[in-house]
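Single-structure report; data block below.
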Amino acid sequence: MSPTSPNAFEVLCQTRTRPVVTAEFPSFDGGTLDDIRAAAEKLAPWVDAINVTDNPAAHAHASNTAMAIALTQLGFNPILQVVCRDKNRLAIQSDIVGVSMFGVQNICALTGDDVTAGDEPEARRVYDLDGPQLVKVATIMGTGMYLSGRKMKTAPHLFVGAVENPTAPPLEYRAERALKKVDAGARFLQLQIHYRPEQLEAFMAACVANGVAERAAILPTVCLTKAARALSFMNESVPGISVPAATIDRVTTSEDPKEESYQLVRELAEHALSIPGVAGLHITDFRHDDSVRRLTEDLAIGPRFEEQHAHSA
Amino acid sequence: MGGLLPLIEHGMKKPVWDCRMCGQCVLHSTGMTCPMTCPKTLRNGPCGGVREDGHCEVVPEMRCIWVKAHDRSQHMPLLPRSWREEFDHLRPPVNNALQGQSSWLNLLNGRDRVTPPGWAASEAHA
């Protein structure tokens, strides 16, 4: 990939000729480049870009920068997630300019779960920048300078995005906060995993009204799980995610919880894609089987369905 | 920076707003709710971790500072309209060099509005 021209994910986010599909790459705690390749080959045919996470849920894993560089060198298209929790503005800027030299272009800015969500709650939290500020800093870097104003040798081509949580209070403010990030330079928004279709609808309506949905590609997120236990865990332990009791019951009382878990996600995804202003889907996968493929095939979305959309367009 | 002013400011603002003496006060734009009391010290909250009941991800027994700030910026009586509107502004990164100084002094001499040149340049473009 040429480091200076827009990558396929960026082009699709802007042209929106078909739904954009992204998925989260698994975390690594060691292994080899071959392991990374094998995991990427499982996902890549079905998605337009792969998110590499930055110490998700405040647990240390192989670094976001190392994984993004590896994926790029192996010929895949990563989205580098950057959280504000672990590094100050100097370290974050050096990470971004560093990966840009390897051809990494897509940057997704997050505030990040607190250290207390992880297995090292004694760690010092940083938050030298917050999420919206990080969006702006990455956007500034795309013009060829650091936050300090110091010029870089060449301006990195960066495609900057962010996240937003359509189901966390204050619900009526979330689209405004998304607008703040879009004003700061975000051109795609990957949303937090949701189990509340009606709240997603309200959020999207507000994002259509304030222009966010037009200016940024909004990708609601669904989470592939195997059993009700995963839903209860998310409800209780993951900051910002709530799962209605009825949803958990539906999976618990079903004869085939694994299949029911899939059907639940399929319905959530189908519904999300039907909402005006939605540009695509982001998928997180805790099933670790072939469900990403199954979901994209069932919904007829992703790079494999390029032609079908071209004909219908 | 020593002097009496920071002591007086802290003496007045600590009991009312739990002031952390960041030296660049933005209380007026955040519904008179100090963002430095957010455990993540976010200047542009609320983060995505707010609990369903509106409480903080980090301190579950505490109502989210930013839920409170949003609510107050909308509903607090006597808050000027321009202050309410400022809630939506993107507040720049904290200047950590001002920590401990009097924000009153920095307001008067303009130091609380100085942003890094890269930030200032992008604002000029916007």
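The values are calculated or read from the model by the stated rules, or taken from the named source; none is laboratory data. Every value quoted in this text rests on a predicted model; they were computed, and no experiment measured them. FYI the Cβ positions are ideal-geometry reconstructions off the backbone, even for glycines, and counts take in every protein chain you see. Surface areas here come from the heavy atoms of the whole protein model, side chains and all, with no ligands, DNA or RNA. Shrake-Rupley method; radii C 1.70, N 1.55, O 1.52, S 1.80 Å.
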Filtering helices (runs of 4 or more DSSP H) wholly in the stretch A:5-124 for at least 2 residues that are open to solvent by 40 Å² or more (accessible area, probe 1.4 Å) and more than 28 Å from residue A:212 (Cα to Cα) gives A:33-43, A:64-73, A:89-100
When (1) at the interface with chain A (Cβ under 7 Å from one of its Cβ atoms); (2) more than 19 Å from residue A:121 (Cα to Cα); (3) touching a Phe, Trp or Tyr at 6+ places or on another chain (Cβ under 6 Å) are applied to residue B:34, the one that fails is (1)
In the stretch B:81-96, residues that are away from chain A (no Cβ under 12 Å) and of a type in the set (Phe, Trp, Tyr) total 1
Exactly one of B:43, B:51 is open to solvent by 30 Å² or more (accessible area, probe 1.4 Å) and not assigned by TED's automatic domain parsing to the domain that holds residue B:10, and that one is B:51
Conditions (1) free of Cβ contacts under 8 Å to residues at least 40 places away in the same chain; (2) more than 8 Å from chain A (Cβ to nearest Cβ); (3) out of contact with any His (no Cβ under 7 Å at 6 or more places or on another chain) -> residue B:62 fails only (3)
Restricted to the stretch A:94-127 and to residues being among the charged types (D, E, K, R) and in contact (Cβ under 8 Å) with a residue 12 or more places away in the chain, the residue nearest to the other protein chains (Cβ to nearest Cβ) is A:114
Given the conditions (1) at the interface with chain A (Cβ under 10 Å from one of its Cβ atoms); (2) assigned to a loop (DSSP other than H, G, I, E, B); (3) open to solvent by less than 30 Å² (accessible area, probe 1.4 Å), every one holds for residue B:67 apart from (2)
Within the stretch A:128-155, restricting to residues that are facing chain B (nearest Cβ under 7 Å) and of a type in the set (A, V, I, L, M), the one that is farthest from residue B:36 (Cα to Cα) is A:145
Per the list (1) in contact with a Leu (Cβ under 7 Å, 6 or more places away or on another chain); (2) under 19 Å from residue A:159 (Cα atoms), residue check on residue A:47 breaks on (1)
Check your understanding: Looking at this structure, is residue B:74 in contact (Cβ under 8 Å) with a residue 40 or more places away in the chain and within 11 Å of chain A (Cβ to nearest Cβ)?
Key -> yes
The one condition residue B:79 fails out of (1) farther than 19 Å from residue B:19 by Cβ; (2) modelled with pLDDT under 95 is (1)
Residue B:99 fails exactly one of (1) within 14 Å of chain A (Cβ to nearest Cβ); (2) more than 26 Å from residue A:139 (Cα to Cα); (3) without any contact (Cβ under 8 Å) to a residue 60 or more places away in the chain, namely (3)
Here the residues within the stretch B:78-126 that are among the acidic types (Asp, Glu), open to solvent by 80 Å² or more (accessible area, probe 1.4 Å) and within 25 Å of residue B:67 (Cα to Cα) are B:85
query = modelled with pLDDT of 95 or more, over 29 Å from residue B:67 (Cα atoms) and part of a helix (DSSP H, G or I), is that true of residue A:270?
reply = yes
Checked against (1) assigned by TED's automatic domain parsing to the domain that holds residue B:109; (2) assigned to a loop (DSSP other than H, G, I, E, B); (3) open to solvent by less than 30 Å² (accessible area, probe 1.4 Å), residue B:13 satisfies every condition except (2)
Flagged pairs (Cβ under 8 angstrom, 6 or more apart or on separate chains; first in the stretch A:1-30, under 25 Å from residue A:66 (Cβ atoms) and of a type in the set (D, E, K, R); second at pLDDT below 95 and open to solvent by less than 50 Å² (accessible area, probe 1.4 Å)) are none
Those residues of the stretch A:278-313 that are surrounded by fewer than 16 Cβ atoms within 10 Å (Cβ to Cβ), assigned to a loop (DSSP other than H, G, I, E, B) and at pLDDT 95 or above come to a total of 1
